[in-house]
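A short write-up of the structure that comes next.
The values are calculated or read from the model by the stated rules, or taken from the named source; none is laboratory data. What you see is a predicted model; the values in this text were computed from it and never measured. Here the Cβ positions follow ideal geometry from the backbone for every residue, glycine too, while neighbour counts run over all protein chains shown.
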Amino acid sequence: MTRVIIVRHGQSTYNVEKRIQGRSDASRLTEKGCNDAVRVGKSLDGIKCNQLYCSPLQRAKETAKIIAHELSNSSGLSIVPQSSNKLLEVDLKQWEGMLTSEVKEKFAEDYGTWHSRPDTLKMRAIDDSETREYFPILSLYEQAREFWQEILTRHQGETIIIVGHNGINRALISTALGMSPSRYHSIQQSNCAISILNFAGGLGEGVQLESLNQTQHMGEIFPSLRPGHQGVRLLLVRHGETEWNRQGKFQGLIDVPLNDNGRVQAQKASQFLKEVALNFAVSSPMLRPKETAEIILQSHNNVKLELQDGLKEISHGLWEGKFEKEIEQEFPGELERWRTVPASVQMPEGENLQQVWERSTATWQAIVQSAIEKQLQTGLVVAHDATNKTLLCHILGLSPENFWNFRQGNGAVSVIDYPFGLNGLPVLQAMNITAHLGSGIFDKTAAGAL
């Protein structure tokens, strides 16, 4: 496995001034940006970093130098950041240096396209007295693919750190997962946030998004809501650990309760979410998510828990109650198909992923719609591994075949915003946060069988 830790540069002067940065190199780190870069370095203490790559733009280079300094101090090894032009920010030549408000006014139509159909935005640039037209987002995604193809073969089985920008980081994550450039705005990258990808081999050979946009090392519970945000925010949580999770036994619809560690995880999630203003809560009716939700809501006594059957775990049918070894003996080759082509597997006397998709996404959409109609802003949704992974595919415009691209730890929290209502694209603000469970930036939960 190749582990890739992706970091966005620290807060810059242009970030504060709300100017478009693009590939302009006039922007520098602020004091906060420098301090947050130190926090990133400290949060990575103890990891063995084989190489640190960064954009050549100074806001990213400075962030990388600070992180490398912290890592060198903790490991005693000298880490020298290596810059790559493949990590340059999105090229927004016509807008660079302008205030966002100025761009909205001067390029109103193009700015609208940038937000609604970013992959179709076309720009003009003058190179060597010649005018060229290009698509900034499509070019950025090609640049990201070229970076992966060059780097992954070089670092098989190693751990590398990438320090980039909002745009290129989104493109790197999106191309790894196979997301369409049209969903560019569907994932978020905050200053000095950490995201983690685990690659089985090269690009397209299997990848897992372990976490997205973690900000807890900077003292932030979640990435902040955008100014003027009037939409719905859902906190998607996987239930705490069960004894069968720990043992690696398939659960499915067998109603296994939390074990003691699972209750501790739920208590920690409750403490983590204590200061979050929750307006509503929904859970699968099964014991393990229901108890997780009830424990979390102990610090939100005014919130009533609603139960929804559509959020139940996948029915594994005849696999339930069995270990992988037993399943392989009874159904030779099916586990391997489940690991590699999950959408094509029909569980014996159980469900397939399409059935889980239909019931879970219908329930999810109904939850969002209800919250919009009642003008409720933040809700808790507690469900299961397969349910959550299916919902994440739906949120990012992926298919059931992408099921294994997402990790969902026991007691982990993901944050999904609907800034433009049910008909607008949702935004995955953060995914699989487990820092509250005491594991730092890495997910060290049992995870276990579904």
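List of remarks:
- Subset of segment 48-74 (residues that are within 17 Å of residue 37 (Cβ to Cβ) and polar (S, T, N, Q)): 55, 58, 63, 72, 73, 74
- Consider segment 15-74 and keep the residues that are touching a residue at least 60 places away in the same chain (Cβ under 8 Å) and at positive phi. The one that is surrounded by the most Cβ atoms within 10 Å (Cβ to Cβ) is 22.
- Hey, residue 178 within 27 Å of residue 404 (Cα to Cα), crowded, with 23+ Cβ neighbours inside 10 Å, outside the structural domain of residue 271 (by TED's automatic domain parsing) and at pLDDT 95 or above or not: no
- Cβ pairs under 6 Å, 6+ apart, first in segment 163-189 and closer than 19 Å to residue 84 by Cα, second surrounded by fewer than 21 Cβ atoms within 10 Å (Cβ to Cβ): 175/145
- Residue that is nearest to residue 55 (Cα to Cα) [pool: residues in segment 150-165 that are surrounded by fewer than 14 Cβ atoms within 10 Å (Cβ to Cβ) and of a type outside the set (Val, Ile, Thr)]: 150
- Which numbered condition residue 27 misses (of (1) among the small types (Gly, Ala, Ser); (2) in contact with a Lys or Arg (Cβ under 7 Å, 6 or more places away or on another chain); (3) not in a loop (DSSP other than H, G, I, E, B)): (3)
- Candidate set from segment 122-149 (those that are charged (D, E, K, R) and touching a residue at least 40 places away in the same chain (Cβ under 8 Å)); member that is surrounded by the fewest Cβ atoms within 10 Å (Cβ to Cβ): 146
- Enumeration of residues in segment 95-116 that are assigned to a helix (DSSP H, G or I) and of a type in the set (D, E, K, R): 102, 104, 105, 106, 109, 110
- Residues that are farther than 20 Å from residue 153 by Cα and either assigned to a loop (DSSP other than H, G, I, E, B) or outside the structural domain of residue 11 (by TED's automatic domain parsing) (or both) within segment 44-70 comprise 44, 45, 46, 47, 56, 57, listed in sequence order.
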